[in-house]
Amino acid sequence: MKRGLLVLCVTSSVAAADASTTARIEAAGACELATLEARTNELLGRVAIVPDASARIAVSTVLAGDTFAASLVFSDAAGVEQSSRAITAASCDELTESIAVVLSLVLRQPEAADASPPPRVAAPAPAVERTDEAPGIAPPPARASTIAIELAGAVGTALDSAVMLGGRLDRSRFGFGVEVAVAMPKSVDAFEGSVHVTSARLAGAGCASLSRFSACGLLTGGVVRGSGEDLMAARSAVAPLVGVGARLEWRQLVSRRTGVRVFGAFEQLLVRPSFLVGDTPVFTSAERQAWLGAGVFLHIP
């Protein structure tokens, strides 16, 4: 919705600008904008962005917090600045698409004026600003998706600790993640010996985001392995683990592609693994547990 309003404002405000039929783009800053020239020409349906054009469009991009911003300065063939625009987006891909839509509208103004039918009355009609998009321009696409690889560590209230590796796909305000967690081994005393316990889990998360915060629902499955030591009949056993939970997370970009994350989670086990020595239970997983963790993430193209 925000990008739609931006396009409408640009359409009405650049009608009086001295826009050229061709222009060259000079881009610099945080985003590469490698596809900007081709995408603008594609939206226009003709080659309007050429490297040897006299008119110039200077595009400068910066990263402010978790938002990418671009400033556009339009100069005519004589080098005189005609107008400028500012655009913000959540990623470089989305910013490239937004800039291409704005440039196609600016460069289309002469065409729209030439194609307008003559007035039906002799007296010139008063100028009326248009509030709809020029014909033939596709509506702006939905917000671009981002993919991140995540690495984190967490500790639980049942004195468990784990290392987590996963990935997350975000589109607009919703996301989906998959994560593998390997718990640090621990030892439980049993009679004159002990039982060594290790576990591995696979968790799926569905998330809704607002600014830098995400609220996620979790579904977890995995296995717990117990191995006896110094027992009369020592052996190993594997038991399944199934649980549900919720997680609240804060994420912050610290560079163009990398960022940090801090999260708290609550887990409720539906299937609790347990190990016996003879008929005596020596280890049972905690029925419910809270986790606190932190880590890093990397956005990939």
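The values are calculated or read from the model by the stated rules, or taken from the named source; none is laboratory data. From a predicted model like this one, the values you see are computed outputs, not experimental measurements. Cβ coordinates were reconstructed from backbone atoms using ideal geometry, including for glycine residues, and neighbour counts include every protein chain displayed. To get the accessible areas, we keep the full protein, side chains included, count just its heavy atoms, and leave off ligands, DNA and RNA. Shrake-Rupley method; radii C 1.70, N 1.55, O 1.52, S 1.80 Å.
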Taking all protein chains in place and a 1.4 Å probe, what share, in percent, of the accessible surface of the range 145-258 do carbon and sulfur account for? 67 percent
With N set to the residue count of the range 150-301, report its C-alpha Rg divided by 2.2 N^0.38 Å to two decimal places. 1.19
Would you calculate the volume per residue, in Å³, of the smallest convex hull containing every Cα atom of the range 245-301? 118 Å³
Excluding residue 236 itself, calculate the net charge of residues whose Cβ lies under 13 Å from the Cβ of residue 236, where each Lys or Arg counts +1 and each Asp or Glu counts -1. +1
Starting from the 7 Å offset along Cα-to-Cβ, what nm value, one decimal, do you get for the label separation of residue 248 and residue 174? 2.3 nm
Spin-label model distance (nm) - residue 42 vs residue 284, 7 Å beyond Cα toward Cβ: 6.0 nm
Accessible area expressed per residue, the range 149-301, with surrounding protein chains retained (probe 1.4 Å, Å²): 55 Å²
